[in-house]
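The values are calculated or read from the model by the stated rules, or taken from the named source; none is laboratory data. Everything numeric here is computed off the predicted structure, so don't read it as measured data. In this analysis, Cβ positions are derived from the backbone assuming ideal geometry, glycine residues included, and neighbour counts consider all displayed protein chains. We work out accessible area using only protein heavy atoms, side chains counted, and drop any ligands, DNA or RNA first. Shrake-Rupley method; radii C 1.70, N 1.55, O 1.52, S 1.80 Å.
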Amino acid sequence: MTMIDADAAASDLLLDARGITKRFGGFVALNKIDLAVRPGERLGLIGPNGSGKSTLTNCLCGALQTDGGSISFAGRSIDRLSSYQRARLGLGRSFQLPRPFHSLSLLDNLRIPLVYAVNARGGTHLTEQQIRTRSTDLLGEFGLGGKLHRLPGDLTQVEMRKLELARAMATDPTLLVSDEALAGLSHSEVNEILALLLALNRRGVAVIFIEHIMRAVMAFSERLVVLVAGEKIADGAPKDVIADERVIGAYLGQ
Amino acid sequence: MSNGRFIALACLVGIALVAGSMFVTNEYYVFAAYFVLQYVVLATAWNILGGYVGYVNFGTTAFLAIGLYSAAALNKWLDLPIPVLILIAGVLCGGVGLAMGYLTIRLRGVYFTIATLALSVVVQTFITNWDYVGGSRGIYIMRPSEVLVFGSYVAYLFFLMTVLAVAAVVTARVIERSTFGFGLAAIRDDEIAAAASGVPVLRLKLVAAAVSGALMGMAGAPLPFYLTYVEPTSSFSLAYTVNSVAMPLVGGTTSWLGPVIGAVLLGTMQQAMTVLISSSVNLLVVGVLLVIFVIAAPNGILGLIRSMGGKKPDPETNPLAAMLAAEKRSSQ
């Protein structure tokens, strides 16, 4: 690709992160990572434990400040924006360990992003009634329709994961960063959550899918990025990436 | 209940209190009730930051004393009517709350609490060395001469404190049911998840700190006229801080009603003990109650009542217990 083509392509990107660097003291957690996501794309992000996946998520979503590089989202630079402003722009995330608002009912858990992200975005303004309908519908979609007024403490582990995703979806994102939504789930539960994520993607939501379960990664991803020790070592079609010698080496040990 | 109805009801309770006080012949009871109402304001104000957002503030005395001394100083300088002094104290302490919040609210848990305690020390040092208000010798306040329709000056001050208490409780309840209040609850439960859901965490915390500080300062403004003599040691009494923390925790921190229950209960008990036993036993009893509640009933009296209905206990929202648990986790 020539430089001109690359620039033309860059303007079509939903997320364009370049040279992301993050250090914790002397430890380099991320070293000049480039990561691009097209609108509606399903991107798998894998790597061994400690390779920097969650750090990258935190840098993209604004929970951590980067030490270098630039991030643009939906055509604008978001480097100086804090976490909540990025959420309002449409950059949603779900957490590796579910972090529900434990004193609020499931409905109110979804009410927070609807009021603070969607309504604060400008343009549409949801009424109380619409907020109620939207959160009820979303919870129904995620199979939590029977527990609208329950507290998160009453949920099972897989239900908690669903709540985490539902709340991230309530921000009405154009890009969802899903950080290990499947960790610790059974075979059938994995399929269940995977189906939900695919359904979200069909609606046009791009997904960065961070996962350890390779079966799920291969089933879900259109493109695969591999991080090892803070370096990006592969980026391409899933079947090519997993055949890459360096990737095999990183996973099986040289 | 809608906000309008609640405000109407709160005003009715206030009117009933003032009317009732007029039939009381022994002025001591009005004096004691004033202190209880002052604690309703302080506990309610504390709870806006401590209960709704989970930031344990140990600087109540600082805000109260700033309100108190600003009123004393302005009275000496300009002789303004007390309601104006209350408003000025509110603006001043709101500003101090905002500044304190801006400097310290990024600190978590115990560190924030220590910073607020330090604020008390700084303010006390400043006041002790401020000659205009008497420094460590203290200052006598000449009560303004005019007393509207109330006759006795104590009755007038009681009326003002009732108005403040009603205003504080209404403010807390309106916040609790508002979008702002939901945002605060989200922050209390999980700041990072709240930010990821679009909640402007820092801004909301600062507003809560400002409102909380303003109400505390307003509670302090009529106090010099009540006591007619103020000096730093008693104005910065640890009792104000300990009580304003203990009362919401004993009552329950998630609702406006908790601090009111705690303040009325502990406040009345303290007044009774001061008269019947000794004034020094007060803090001991409060301390013991606080320990018992943090351990045995972390959601306070309200939480106890709810769980007695056979329902599952609410998730723990006790800010002090949460702070201690976080400390324990991080030290492991």
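For the reader, a short list of remarks on this structure follows.
- Local net charge near A:Leu182, Cβ-Cβ under 12 Å (Lys/Arg +1, Asp/Glu -1): -3
- Relative contact order %, region B:3-238, counting alpha carbon pairs below 8 Å whose residues are six or more apart: 42
- Divide the volume of the convex hull around the Cα atoms of region B:73-182 by the residue count and you get 146 Å³ per residue.
- Our coupling estimate for region A:115-126, obtained by passing each phi through the Karplus curve with A = 6.51, B = -1.76, C = 1.60 and θ = phi - 60°, is 6, 8, 9, 5, 6, 8, 7, x, x, 6, 10, 6 Hz, Gly and Pro reported as x.
- Cα principal axis extents for region B:26-85, largest first, Å: 39, 33, 16
- Here region A:75-179 has an Rg and Dmax of 13.5, 41 Å, counting Cα atoms alone.
- In this structure B:Trp46 has an accessible area near 0 Å², from a 1.4 Å probe over the protein heavy atoms.
- Candidate residues A:Ser105, A:Ser82: accessible-area rank, largest first, probe 1.4 Å: A:Ser82, A:Ser105
- Solvent accessible area, Å² - A:Arg246, 1.4 Å probe, full protein context: 140
- Between B:Val84 and B:Arg108, the contour length at 0.36 nm per residue exceeds the Cα-Cα span by 5.1 nm.
- Dipole magnitude (debye, nearest 20) for region B:3-238, charges at Cβ of Lys, Arg, Asp, Glu: 360
- Around the Cα centre of chain A, unit charges on the Cβ atoms of Lys, Arg, Asp and Glu (plus for the first two, minus for the last two) sum to a dipole of about 560 debye.
- Heavy-atom accessible area with a 1.4 Å probe sorts B:Cys11, B:Cys93, largest first, into B:Cys11, B:Cys93.
- Simple Cβ-charge dipole of the protein assembly as shown, Lys/Arg +1 and Asp/Glu -1, about Cα centre, in debye nearest 20: 320
- For chain B, calculated [θ]222 nm from helices alone, where every DSSP H run of n ≥ 4 adds -39500 (n - 2.57): -24500 deg cm²/dmol
- Taking 7 Å steps out from each Cα toward its Cβ at B:Trp130 and B:Ile295 produces label points 4.1 nm apart.
- More than 33 angstrom apart: percent of Cα pairs within region B:3-238: 20
- Per residue, region A:141-196 exposes an accessible area of 35 Å² to a 1.4 Å probe, with every protein chain left in place.
- Counting only Cα atoms, the size of region B:212-332 along its three principal axes is 50, 34, 28 Å, in decreasing order.
- Shielding score for A:98-105, defined as the mean number of other chain Cβ atoms within 10 Å: 6
- Here's the picture: charge each Lys and Arg Cβ at +1 and each Asp and Glu Cβ at -1 in chain B, and of B:Ala62, B:Phe150, B:Ala209 the one pushed furthest to the positive end of that dipole is B:Ala209.
- Reduced Cα scattering model of the protein assembly as shown, Debye log10 I(q)/I(0), q = 0.09, 0.12 Å⁻¹: -0.77, -1.13
- In the protein assembly as shown, a dipole from Cβ-located charges (positive for Lys and Arg, negative for Asp and Glu) runs towards its positive end, and of B:Ser255, B:Pro232, A:Ile213 it is B:Ser255 whose Cα lies farthest in that direction.
- Entry note, chain A: relative contact order of 26 percent, from Cα contacts under 8 Å with a spacing of 6+ residues.
- Average partner coverage of A:73-86, which counts Cβ from other chains inside 10 Å: 2
- Positive end of the dipole of the protein assembly as shown (Cβ unit charges, origin at the Cα centre): among A:Ala36, A:Gly230, A:Ile20, the Cα lying farthest that way belongs to A:Ala36.
- Helical runs assigned H by DSSP (4 residues or longer) give chain A a calculated mean residue ellipticity at 222 nm of -11000 deg cm²/dmol, each run adding -39500 (n - 2.57) before division by the residue total.
- Once all protein chains are placed together, B:Val163 keeps about 70 Å² accessible to a 1.4 angstrom probe.
- Extension reserve of the B:Thr179-B:Tyr153 stretch, reckoned as 0.36 nm per residue once the Cα distance is removed: 5.3 nm
- Of every Cα-Cα pair in region A:3-252, the percent that sits beyond 34 Å: 15
- Surface listing: B:Leu202, B:Leu87 arranged by accessible area from highest to lowest gives B:Leu87, B:Leu202, probe 1.4 Å.
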